[in-house]
Amino acid sequence: MIAELGLLALITALIFSLLILALPMMSYFYPACPWQRAIIFYVYAEYFSVLFSYISLMICFLNNDFSVIYVLNNSSTALPFFYKFCAVWGGHEGSMLLWVVILSTWMSLVCRFSRSLDEAFRFKVLMVMAALNIGFILFIIATSNPFLRQFEIIKTLGRDLNPLLQDIGFLFHPPMLYMGYVGFSVAFAFAISSLWQGEMHESWVKWTRPWTLAAWSCLTAGITLGSWWAYRELGWGGFWFWDPVENASFMPWLTGTALIHSMASCEKNAQFRSWTLLMAIMAFSLSLVGAFLVRSGVLTSVHAFAVDPKRGLYILLFLSVVIGGSFLLFAWRGSSLISSELQHQKHPSHHEKKPIKYIFSRESALFLNNLLLVVAMLTILLGTIYPLLIDGLGLGKLSVGAPYFNKLVSPIFILSLMVMGFAVHLRWQGDALFLLIRKLRGYILIAVLGPAVISLYFQSIPSLAVYLGLTSGFWVVLSTAHWVLTKIQEGLKIKQGLYGMVIAHLGVAITMIGIAVSTGFGVQKDLKMAPQDMTVIAGYQVRFMNERPLKGPNYQGTRAEFLVSKAQYQAYVYPEKRLYDIGQMAMTEAAVSMTFFRDIYIAMGEPLSDEAWSVRVYYKPLVRWIWGGGFLIMFGAFIAMTDLRYYSKSLKSLKSLVSVEP
Amino acid sequence: MLVLVSFAIGLLVYALRQNISLFYTPSEVLNHQAPPGRLIRLGGMVVPGSVIRSSNDLSLQFDLTDYHAQITVAYTGILPNLFREGSGVVVQGKDDGSKVFHADEVLAKHDENYMPRELKDLKKS
């Protein structure tokens, strides 16, 4: 019964979305008709219908209603109840429903907070978002209905949630990631509406910037959680595998990063406007490609749930309509936007033009940043789709390995960080880079020599990439700290937006340092260990104490005890090897002895002869910094989002946004 | 500008070609169709009962089959959780022309429903 109600609610939501799209169109033909005001009501009605549908599915999970096929495939009676909440989005159908819930949430939020916008424009934005909703709800109903029932299997315990997904990291990873993906739909809807209207409001950026920051913040958190989850749960101590699905989340992140930076210069300078629109369209398009291509099973990975040709076809159609359509619109209307900009520039009204004295300025640094981010994105895109292209053309099967990504993407990031360190100091309109270098030469020297000190500490010679990565990380930390301190010394009040920027930049630098140190100076050992065996890794003694049988709610296995010690320091850790009852899937639960500066990571391989196990032991210095930095970035974006200047209604405050720095 | 862009793309494709690994079946490797000395992926089913472990370290060997030919793979290290006799696996390594394929990485499927893309066609045929 509840499942049927859920489906019904979803269909109701579809009807409401259709109405949101149809009513304003009707008023083109009958302009006097006041109907279109009703769409505000339909937006909320749609939201509550979708929410009702989602809660119905959740209740099916909590009730162990195995007549619902989706519940049967993703849950079991023995599954702890908090995992049942995550199991709702543990498979393809449910995750699509979650997607729609989040899209509807963003739509109602936009509706709620856009009252001061021009009405025609506001309705256009809501129409674009409703159109996206229609696409997704139709997709769910037509190809991936989570409420389908079966009546053959009655006495069953359920097929259980994939053991890899039974983890705290998984509780928050998909919703955060989706909040980010879908959040870009706001900027996308604004961009499409502007192109549709044929003009770009002055307040465009002011309106979309907090939304974009919110989405980007969530996406950052989602990626960080995903990386942390992979580190703990996949059992092999890596934080990033260049798996297609990781790339799929990273590409919108890179484009989103480019978008928020180009928005920053857009406020100052009109030349960036059409580029900003393009970035807004790209960020959401890549989110769609990411979420969809991964889900459709075209790219095989942990995350590909099922392969169904009907789904693939729908996805391809939907993608080509949305992405193709918006790029066509951009090609058609974007040029007229640019020409109106040029006219605008011929009659400079409020932007006073200074003669350009220097090549280097805040603008040019931001432009370089955008260029580097887009190049990084395209490099990753090429590596991700190349195997598909070759396979599709029948030229053979191949895979692009991590070395490709590491070799090409790391230099781009190192370069970006180098630029970032200068960019915070550069002024709008032009600045003398030479003077800046002279001012900061002390820091440059520290950044160049610092990694050598670190190498001495670890007593190993790092690769060039690691060395430069560290240099770039140090450089950003030092130069950003210097910037903040001088501002405080001069008694200038730093606006919240800039505090956010500083925190996010420090986060990037910390992540970079974490990656460089943990990959450059980490130690890995694979060995055969029996109880009472001992090994030494990076000065730590790791002793295999004993092993005991283990019994969990829905798994059995072995739990081992290891003692990690060094001088005064002692820690016991308990890695596990689990065998899940349903599906007989083996899982490695790695155990970590962690401090702020290093992880000792122990994972059980498999039982060998006479009580011995194959064991993997890692020493990973500063590995926590990778995720710590990620959360700092998220936090920075959050701080920037709360900058009140975005929310004040007068245009005057928009001008004050422009002059953030003297 | 155009020269720069094409130069960049050329560089990108070159880097790509240097870092791809092509997929081969046991029959193809035994017929020396794989380029020697280059990183390749070899996929097949693990022959039940063929896994032999060393008694003093982590080295082991097992046989892979595509139902036409069978090749022995040698590997040192920890096998993935889902490595099972009788199920599909992809290994990565270099073909040195000898009878035994030395793998430096073993990639097994992620769950009971997952198949490496390359192996799906194999199973169908």
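Going by the conditions given, is A:A452 closer than 30 Å to B:D57 by Cα, out of contact with any His (no Cβ under 6 Å at 6 or more places or on another chain) and among the small types (G, A, S)? No; evaluated as a whole, the condition is false for this residue. Residue under question is B:V90, and the condition is that it be in contact with a Gly (Cβ under 6 Å, 6 or more places away or on another chain), touching a residue at least 24 places away in the same chain (Cβ under 8 Å) and buried (at least 17 other Cβ atoms within 10 Å of the Cβ); does it hold? Here the answer is yes, as B:V90 does meet what is asked.
Only one entry in A:L470, A:L464, A:L485, A:L478 is surrounded by fewer than 22 Cβ atoms within 10 Å (Cβ to Cβ), in contact (Cβ under 8 Å) with a residue 12 or more places away in the chain and out of contact with any Asp or Glu (no Cβ under 8 Å at 6 or more places or on another chain), namely A:L478.
Mind counting the residues in segment A:557-582 that are more than 14 Å from chain B (Cβ to nearest Cβ), part of a strand (DSSP E or B) and of a type in the set (F, W, Y)? Break it down stepwise before answering.
Filtering segment A:557-582 down to residues more than 14 Å from chain B (Cβ to nearest Cβ) leaves A:559-574.
Filter once more, keeping what is part of a strand (DSSP E or B): A:559-566, A:569-573.
Those still in the list that are of a type in the set (F, W, Y) too: A:562, A:569, A:572.
Counting residues in segment A:557-582 that are more than 14 Å from chain B (Cβ to nearest Cβ), part of a strand (DSSP E or B) and of a type in the set (F, W, Y) gives 3.
Whether any residue in segment B:90-101 is aromatic (F, W, Y), farther than 21 Å from A:L398 by Cβ, more than 11 Å from every other protein chain (Cβ to nearest Cβ) and assigned to a strand (DSSP E or B) is what I want to check. No, every residue in segment B:90-101 fails to be aromatic (F, W, Y), farther than 21 Å from A:L398 by Cβ, more than 11 Å from every other protein chain (Cβ to nearest Cβ) and assigned to a strand (DSSP E or B).
Considering only segment A:40-63, I want to know if a residue exists there that is of a type in the set (F, W, Y), outside any helix (DSSP H, G or I) and without any contact (Cβ under 8 Å) to a residue 60 or more places away in the chain. Steps first, answer last, please.
Taking segment A:40-63 and keeping what is of a type in the set (F, W, Y), we get A:41-42, A:44, A:47-48, A:52, A:54, A:61.
If we keep only those that are outside any helix (DSSP H, G or I) as well, we get none.
Within segment A:40-63 (the criterion being of a type in the set (F, W, Y), outside any helix (DSSP H, G or I) and without any contact (Cβ under 8 Å) to a residue 60 or more places away in the chain), the answer is no, since none of the residues qualifies.
With the requirement that a residue be in contact with a Gly (Cβ under 8 Å, 6 or more places away or on another chain), surrounded by 19 or more Cβ atoms within 10 Å (Cβ to Cβ) and over 19 Å from B:N19 (Cα atoms), what does segment B:31-62 give you? Matches in segment B:31-62: B:G44, B:M45, B:V46, B:L58. Taking the criterion of being of a type in the set (A, V, I, L, M), closer than 19 Å to A:V322 by Cα and assigned to a helix (DSSP H, G or I), would at least one residue in segment A:160-176 satisfy it? Looking for residues that are of a type in the set (A, V, I, L, M), closer than 19 Å to A:V322 by Cα and assigned to a helix (DSSP H, G or I), one finds none in segment A:160-176, hence no.
Quickly run through segment A:131-155 and pick out the residues that are outside any loop (DSSP other than H, G, I, E, B) and either over 19 Å from A:H92 (Cβ atoms) or hydrophobic (A, V, I, L, M, F, W, C) (or both). Spell out the reasoning first.
Let us first name the residues in segment A:131-155 that are outside any loop (DSSP other than H, G, I, E, B), namely A:131-143, A:149.
The answer is A:A131, A:L132, A:I134, A:F136, A:I137, A:L138, A:F139, A:I140, A:I141, A:A142.
The number of residues in segment B:26-55 that are among the small types (G, A, S), closer than 23 Å to A:A612 by Cβ and within 14 Å of chain A (Cβ to nearest Cβ) comes to 2. Looking across segment A:497-543, just one residue is surrounded by fewer than 24 Cβ atoms within 10 Å (Cβ to Cβ), among the hydrophobic types (A, V, I, L, M, F, W, C), away from every other protein chain (no Cβ under 14 Å) and closer than 17 Å to A:G605 by Cβ, and that is A:I537.
Taking segment B:63-80 as the range and being touching a residue at least 24 places away in the same chain (Cβ under 8 Å), away from every other protein chain (no Cβ under 14 Å) and either buried (at least 19 other Cβ atoms within 10 Å of the Cβ) or in a strand (DSSP E or B) (or both) as the test, the residues that pass are B:L64, B:T65, B:Q70, B:I71, B:T72, B:V73, B:A74. Within segment A:398-428, if we keep just the residues that are surrounded by 18 or more Cβ atoms within 10 Å (Cβ to Cβ), of a type outside the set (A, V, I, L, M, F, W, C) and within 30 Å of B:F23 (Cβ to Cβ), the residue that is nearest to the other protein chains (Cβ to nearest Cβ) turns out to be A:Y404. Looking across segment A:365-397 at every residue that is in contact (Cβ under 8 Å) with a residue 12 or more places away in the chain and over 19 Å from A:G290 (Cβ atoms), the one that is nearest to the other protein chains (Cβ to nearest Cβ) is identified as A:L372.
Filter segment A:573-589 down to the residues that are more than 12 Å from A:T558 (Cβ to Cβ) and in contact with a helix residue (DSSP H, G or I) (Cβ under 6 Å, 6 or more places away or on another chain) and list them by number. Lay out the reasoning, then the answer.
Let us first name the residues in segment A:573-589 that are more than 12 Å from A:T558 (Cβ to Cβ), namely A:573, A:580-585.
Across segment A:573-589, the qualifying residues are A:Y580, A:M585.
Looking only at segment B:1-35, count every residue that is in a helix (DSSP H, G or I) and in contact (Cβ under 8 Å) with a residue 60 or more places away in the chain and tell me the total. Give the derivation first.
Our first condition is that a residue be in a helix (DSSP H, G or I); within segment B:1-35, this holds for B:2-18, B:26-30.
In the following step, the residues that additionally are in contact (Cβ under 8 Å) with a residue 60 or more places away in the chain were identified as B:29.
Count: 1.
Within segment A:182-230, the set of residues being surrounded by fewer than 24 Cβ atoms within 10 Å (Cβ to Cβ), among the hydroxyl-bearing types (S, T, Y) and closer than 17 Å to A:M641 by Cα comprises A:S203 only. Given A:M594, A:M604, A:M585, which one is touching a Phe, Trp or Tyr at 6+ places or on another chain (Cβ under 8 Å) and either at the interface with another protein chain (Cβ under 10 Å from one of its Cβ atoms) or surrounded by fewer than 19 Cβ atoms within 10 Å (Cβ to Cβ) (or both)? Criteria check complete, one pass: A:M604.
From the list A:V542, A:V508, the one residue that fits, being in a helix (DSSP H, G or I) and touching a residue at least 40 places away in the same chain (Cβ under 8 Å), is A:V508.
Counting just the residues of segment A:232-284 that are part of a loop (DSSP other than H, G, I, E, B) and of a type in the set (D, E, K, R), which one comes out modelled with the highest pLDDT? Can you show your working first?
Our first condition is that a residue be part of a loop (DSSP other than H, G, I, E, B); within segment A:232-284, this holds for A:234-243, A:267-269.
Next, from what is left, pick out any that are of a type in the set (D, E, K, R): A:243, A:267-268.
Details: A:D243: 81, A:E267: 69, A:K268: 68.
Looking at residues that are part of a loop (DSSP other than H, G, I, E, B) and of a type in the set (D, E, K, R), I get A:D243.
Looking at B:F23, B:F7, just one residue is of a type in the set (F, W, Y) and either crowded, with 16+ Cβ neighbours inside 10 Å or facing chain A (nearest Cβ under 8 Å) (or both), and that residue is B:F23. For segment A:444-476, a tally of residues being in a helix (DSSP H, G or I), within 32 Å of the chain's Cα centre (by Cα) and not polar (S, T, N, Q) returns 17. Could you check, for segment A:598-614, whether at least one of its residues is aliphatic (A, V, I, L, M) and without any contact (Cβ under 8 Å) to a residue 40 or more places away in the chain? No, because not a single residue in segment A:598-614 is aliphatic (A, V, I, L, M) and without any contact (Cβ under 8 Å) to a residue 40 or more places away in the chain.
Residue by residue, here is whether (1) of a type outside the set (V, I, T); (2) crowded, with 23+ Cβ neighbours inside 10 Å; (3) over 22 Å from A:G169 (Cβ atoms) holds:
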site: A:A9; (1), (2), (3): yes, no, yes
site: A:Y28; (1), (2), (3): yes, no, yes
site: A:Y47; (1), (2), (3): yes, no, yes
site: A:Y70; (1), (2), (3): yes, yes, yes
site: A:N74; (1), (2), (3): yes, yes, no
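The values are calculated or read from the model by the stated rules, or taken from the named source; none is laboratory data. Since we're looking at a predicted model, the values are computed, not measured. Positions of Cβ are generated from backbone atoms using ideal geometry, with glycine treated the same way; all protein chains shown enter the neighbour counts.
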